[in-house]
Structure formats: C-alpha cells, structure tokens
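First comes the structure, then the notes that go with it.
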Amino acid sequence: MKRVSLTQYLVEEQRHNNSIPAELRLLIEVVARACKTISHAVGKGALGEVLGSADTENIQGEVQKKLDIISNEILLEANEWGGHLAAMASEEMESIHPIPNRYPMGEYMLLFDPLDGSSNIDVNVSIGTIFSVLKAPDGMGTPTEAHFMQPGSSQVAAGYAVYGPQTMLVLTTGNGVNCFTLDREMGSWVLTQRNMTIPETTKEFAINMSNQRHWHEPVQRYVGEMLQGVTGPREKDFNMRWIASMVADVHRILNRGGIFMYPADKRDTSMPGKLRLMYEANPMAMIVEQAGGAATDGRQRILDIPPQKLHQRVPVFLGSKSEVERVTSYHAE
Ligand code: AHG
Ligand code: MN
Ligand code: MN
Ligand code: MN
C-alpha cells in the first residue's frame, strides 16, 4: 500500500468533500501529535517516573494515576495556543477548561478521556486516549458546561489512540473509519487500514463477568443464553474477552466483530454503569456506527441521548449490529 500520512489523508479528505475544514484538520493533527507524546511517556514505564498512583482523586471518585494527569496536561498544553478551540473538557477535570484570554478562541470544543484503562497502566496492558470534537455554538461568548451539552450526533469528529504493541490512531470525521499506525522512526502516523467495517454478526462478547450477580434481567438473559453455547437457544458457542481498557476492546471489535457491554446494574441507580457519555460512549458510538455497527444504552441510540451533565454515565452496548439489536430488544420486552 502506498504510504499515506495522516496529514496527506486529511488534506485529501478536505479536497474531496470538504468534510474536514482547515481548522478541524489542524485540531486533529494537534491531537494526534499529543497522542504521540503520550505514547512516548507510556512507553517509558518505570524508566520514566510515569507509573503508579498520583494519590489524588478525580471528580469520578477515582484515585488518579500519574499517567492520567500527565496525559491530561499533554493534551491541554498541546491544544491551548493553536487558536482552533474555544474550550476543552476532560475526565480528569471537574469543570470545563476555557482557552486562556491570551490566546485566540476557535470554533471547536475538544473533550477527552486522556488515559483510558488506567487500571492497566502498571501491568503493561494496552491503554489509550479517547477524544470527541463538537462545534462551539455560534455567538457562544464565554464557554460554559451548558455549551457542551450537545448529543453525540453533533460530533464533527471522534477518535482514539491505543498504546499497545503498536501505537495506533483510529479516526472518523463522519465519512467512515480509518486507522493509522505510528512509525516511531519517522514520528509520523501512516494510514494502515481504510474504511474499517465491523462484521454484522459475531461469536465474541466483552463484559466484566464479576458483576453478573448485579445485572438487570435483560442482560442476565442475553449473556446467559450465550453461555449455554451450541445446545442453548443461540445454538452456537461464544468466546469472551475483557481487557478492561475500552479502547482495546473496541479496537478488537472494529477488527473482528464482537459486542462490548458495560450495563447499569442494581447497585447504584444514580450511576447507570461506569462509562461516561461525553468522552467515552459518544466518541466510541460515532466510530462504531461509522464502521457499520450499532451503539445503544440498552434502550436508545447513544448518539441520540440528550446530555444533562458533563460527567454523566450511561450504560453501553456497542459492536456488531445484530447483537446490539438483540440485547436492546430484550430491554424492550
Ligand atoms: P478509565 O481508565 O478512563 O477510567 O476507563 C476505564 C473504563 C474502560 O476503559 C473499561 O472498559 C472499564 O473502565 C473497565 O471497568 P472494570 O474495571 O469495572 O472492568
Ligand atoms: Mn476511560
Ligand atoms: Mn481515563
Ligand atoms: Mn478514570
């Protein structure tokens, strides 16, 4: 395959259907460069003072890892001065981060989970960064949290980097999903997979089984049927994977199909599941739908959910369309 860099891909996309205005192209390239810096920090591990806990807690009530904070800082510093953003929001920051007055304000708003899969950092398992891009409302003035409360269908771009055996960047701007592999020697992102497509059916599911006793009935039934294998109602054997890094589980599903689930459960109705709508579920839902899959909260399309709060959580069922439709239908019965 002729080597196509991220920059060349974005310029060609802009030329073909102007789906990527110059300012959005600049933003994507800045985020991609920040992900390269995060990948470099991640790769140092114990040699770079990046492992372990920071002994601080974030708004989610999670103890922050050093890399949660380091990657958050890298994304803030990379994006503040470019003039393409009006504000940013992050899993690791309680409130939104308006662009400082000393810099020009741009027309986009960037949301991110700077380090996804934090529980895997200290055990050398794949982790990642997830990002979502919204347009700043016309005539917005000073950005507030309310300006971020746009449904996932309003996203103009979404993507993730996965820091694994290879460092990869998966990106959509609404015209399909493309994957770039980091060429560490050249320091450039190279297009390695065009138009990724999720198989409609699958024999593989991803869920944290240790929560099984807490699941509501539709999920008990759906997973229970799969566990009965070829002699059960699904009449086929299923495999299970759970990496506990959403980016890694989603990347596997984009490549070979599957269904990823993080359901709400009986423990805490005020917190429906663990995953956050604005910077985990929405960007991943846009990517999955652009790859021909489906993404619901068990009842409705994730991209249709009207956000209420910046850090709100939603149940997530995403992946191969036929399986997401099945488990969603069980919730309707
Ligand atoms: P984060 O590290 O950004 O807080 O996200 C972790 C999420 C997600 O990546 C993963 O799918 C899920 O947490 C794993 O949850 P469990 O540890 O409960 O399995
Ligand atoms: Mn996460
Ligand atoms: Mn995170
Ligand atoms: Mn976290």
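The stretch 231-295 and the stretch 73-148 have Cα centres separated by 24 Å. With protein chains left intact and a 1.4 Å probe, residues in the stretch 27-183 average 37 Å² of accessible area per residue. Mean sequence separation of contacting Cα pairs (under 8 Å, at least six apart), scaled by the length of the stretch 204-332, corresponds to a relative contact order of 27 percent. Site pair Arg194 and Thr142 shows an inter-label distance of 4.9 nm when each label is modelled 7 Å from Cα along Cα→Cβ.
Remark: the stretch 193-204, residue by residue, has Karplus-estimated 3J(HN,Hα) of 9, 9, 6, 4, 9, 7, x, 5, 10, 7, 10, 9 Hz, where x stands for each Gly or Pro and the curve is 6.51 cos²θ - 1.76 cosθ + 1.60 at θ = phi - 60°. Sorting the segments 253-262, 176-185 by their mean number of nearby beta carbons within 10 angstrom, highest to lowest, gives 253-262, 176-185.
Once the chain from Leu227 to Gln14 is taken as fully extended at 0.36 nm per residue, the excess over their C-alpha distance is 72.0 nm.
Candidate cross-link partners of Lys309 among the aspartates and glutamates, defined by an alpha-carbon separation under 13 Å and a same-chain spacing of 8 or more, comprise Glu91, Glu94, Glu145.
Carbon-plus-sulfur accessible fraction, the chain (probe radius 1.4 Å, protein heavy atoms only): 50%. Computed from backbone phi with θ = phi - 60° and the Karplus coefficients 6.51, -1.76 and 1.60, the 3J(HN,Hα) list for the stretch 234-239 is 7, 6, 7, 7, 10, 10 Hz; x is used for glycine and proline.
Would you please give the FRET efficiency between Lys135 and Lys203, computed as 1/(1 + (r/R0)^6) with r the Cβ-Cβ distance and R0 = 41 Å, to the nearest 0.05? Let's see the in-between values first.
Details: r = 40 Å, r/R0 = 0.96.
It comes to 0.55.
Taking all Cα pairs closer than 8 Å and separated by 6 or more residues, the relative contact order of the stretch 39-133 comes to 22 percent. Each Lys or Arg adds one and each Asp or Glu takes one away; over the other residues whose Cβ falls under 10 Å from the Cβ of Tyr108, this sums to -1. Electrostatic tally near Phe131: other residues with Cβ closer than 12 Å to its Cβ, Lys and Arg +1, Asp and Glu -1, net -4. Once the Cα-Cα distance is subtracted from the 0.36 nm per residue extended length, the Ala244 to Thr56 segment shows a gain of 65.5 nm. For a paramagnetic label modelled on Asn211 (point 7 Å from Cα along Cα→Cβ), amide N atoms under 20 Å away belong, within the stretch 53-70, to 58-65. Treating each Cα of the chain as an identical point scatterer and summing with the Debye formula, the log10 of I(q)/I(0) at q = 0.10, 0.14 Å⁻¹ comes to -0.56, -1.13. Over the chain, Cα pairs under 8 Å with separation of 6+ residues give a relative contact order of 15 percent.
The values are calculated or read from the model by the stated rules, or taken from the named source; none is laboratory data. This structure is a prediction, so every number in the text was calculated from the model and none was measured. All Cβ positions, glycine included, derive from the backbone under ideal geometry; neighbour counts span all protein chains shown. We work out accessible area using only protein heavy atoms, side chains counted, and drop any ligands, DNA or RNA first. Shrake-Rupley method; radii C 1.70, N 1.55, O 1.52, S 1.80 Å.
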